[in-house]
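Scroll down for the structure; my scribbles are underneath it.
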Amino acid sequence: RRVWMCFDGAGLAEIERRLGEVGGRVKGAVEIVDVEMRRSRVNDLENEASAEGFWEDSVTARKLMMELDRHRAEIRRAKEWESAVSDVSSALELVKELGDGVDSEEQSEILQEAEDHLSSLSKSLNDFELQSTLSGEYDAHGATVTIQAGAGGTDAQDWAEILVRMITRFAERRGFSARLVDFSPGEECGYKSAVIEVRGEFAYGLLSAEKGTHRLVRISPFNAQGKRQTSFAGIEIMPILPDDDLNVVEIHLRSR
């Protein structure tokens, strides 16, 4: 159920304050994106892609097209930020033009839409600012997540399954694809081990902080005496690399 914002001067002033704050963040983000530089790069890449024989080297061609898509997406996102700021600013100007009528339904609806735009814009900026901190070599790649039940018996295997669900739900909320590609079932429930493949931009960078041992302390649902149980499970994170980034090295073993 949607709750409409009542129009009053204080509500208008608060949205204007938020618009100024978010508008400043948009300005800084657009400078980081560097739209003009990306447009120039897009033009260069499009010229390369249209050259005769471009697809003869399919590996290089795929890399170039992926780069082209990234630049286009960043340009599009920056334009959407600026458009959102402009739309909210126009909406507030319209509210002022309508006058100071108290509890005006039309004004309330306009303010609510402006609030919704700002909330959506703020979330997009949060995502961008977080991604901007992920500058590792493999941060932009997908991730393979391996979860291994540790000490704790059945509780640890149940804890491993809980972690699988948590990783999967996190991936789905971020718009990533998550697929359980391998698992070893627990003796009574859960998993002894499980492997999840998460694909999406910056999946590895966002998930890499989860690497390590995770502990769960709870009243065990598997203990007839209702005792507290401490369970452990380990998580390993590896980036998913394109096939052409993998260097295969032949190792010659000499028998002794």
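The set of residues in region 141-160 that are crowded, with 21+ Cβ neighbours inside 10 Å and over 22 Å from the mean Cα position of the chain (by Cα) comprises 149, 155, 156, 157, 158, 159, 160. Looking for something small (Gly, Ala, Ser), at pLDDT below 90 and either out of contact with any Cys (no Cβ under 6 Å at 6 or more places or on another chain) or surrounded by 12 or more Cβ atoms within 10 Å (Cβ to Cβ) (or both) - is there at least one such residue anywhere in region 234-249? Checked against the condition, which is being small (Gly, Ala, Ser), at pLDDT below 90 and either out of contact with any Cys (no Cβ under 6 Å at 6 or more places or on another chain) or surrounded by 12 or more Cβ atoms within 10 Å (Cβ to Cβ) (or both), region 234-249 yields no hits at all.
Among the numbered criteria (1) within 27 Å of the chain's Cα centre (by Cα); (2) at pLDDT 90 or above; (3) at negative phi, which one does residue 137 miss? Only one criterion in (1) within 27 Å of the chain's Cα centre (by Cα); (2) at pLDDT 90 or above; (3) at negative phi is unmet by residue 137, namely (2). For region 220-235, what are the residues that are assigned to a strand (DSSP E or B), under 19 Å from residue 186 (Cα atoms) and not β-branched (Val, Ile, Thr)? 229, 231, 232, 233, 234 - these are the residues of region 220-235 that are assigned to a strand (DSSP E or B), under 19 Å from residue 186 (Cα atoms) and not β-branched (Val, Ile, Thr). Somewhere in region 46-56, is a residue part of a helix (DSSP H, G or I) and either within 30 Å of residue 107 (Cβ to Cβ) or in contact with a Phe, Trp or Tyr (Cβ under 8 Å, 6 or more places away or on another chain) (or both)? Looking through region 46-56, at least one residue is part of a helix (DSSP H, G or I) and either within 30 Å of residue 107 (Cβ to Cβ) or in contact with a Phe, Trp or Tyr (Cβ under 8 Å, 6 or more places away or on another chain) (or both).
Against the condition open to solvent by 20 Å² or more (accessible area, probe 1.4 Å), among the aliphatic types (A, V, I, L, M) and closer than 20 Å to residue 18 by Cα, how does residue 121 come out, does it pass? Spell out how you get there, then give the answer.
Numbers: open to solvent by 20 Å² or more (accessible area, probe 1.4 Å): no; among the aliphatic types (A, V, I, L, M): yes; closer than 20 Å to residue 18 by Cα: yes.
No, not satisfied.
Just so you know, in region 177-223 the residues that are on the phi > 0 side of the Ramachandran plot and of a type in the set (Gly, Ala, Ser) include one that is surrounded by the most Cβ atoms within 10 Å (Cβ to Cβ), and it is 190.
The residues on offer are 145, 85, 59, and the sole one that is closer than 26 Å to residue 29 by Cβ and touching a residue at least 60 places away in the same chain (Cβ under 8 Å) is 85.
Taking region 163-176 as the range and being surrounded by fewer than 16 Cβ atoms within 10 Å (Cβ to Cβ) and on the phi < 0 side of the Ramachandran plot as the test, the residues that pass are 165, 166, 169, 172, 173.
Does residue 91 meet the test of being in a helix (DSSP H, G or I), in contact (Cβ under 8 Å) with a residue 40 or more places away in the chain, open to solvent by less than 30 Å² (accessible area, probe 1.4 Å) and under 17 Å from residue 15 (Cα atoms)? No; evaluated as a whole, the condition is false for this residue.
The values are calculated or read from the model by the stated rules, or taken from the named source; none is laboratory data. Please read all numbers here as calculations on a predicted model, not as lab measurements. No Cβ is skipped: glycine too gets one built from the backbone with ideal geometry, and neighbour counts run over all protein chains shown. For accessibility, only protein heavy atoms count, side chains too; no ligands or nucleic acids. Shrake-Rupley method; radii C 1.70, N 1.55, O 1.52, S 1.80 Å.
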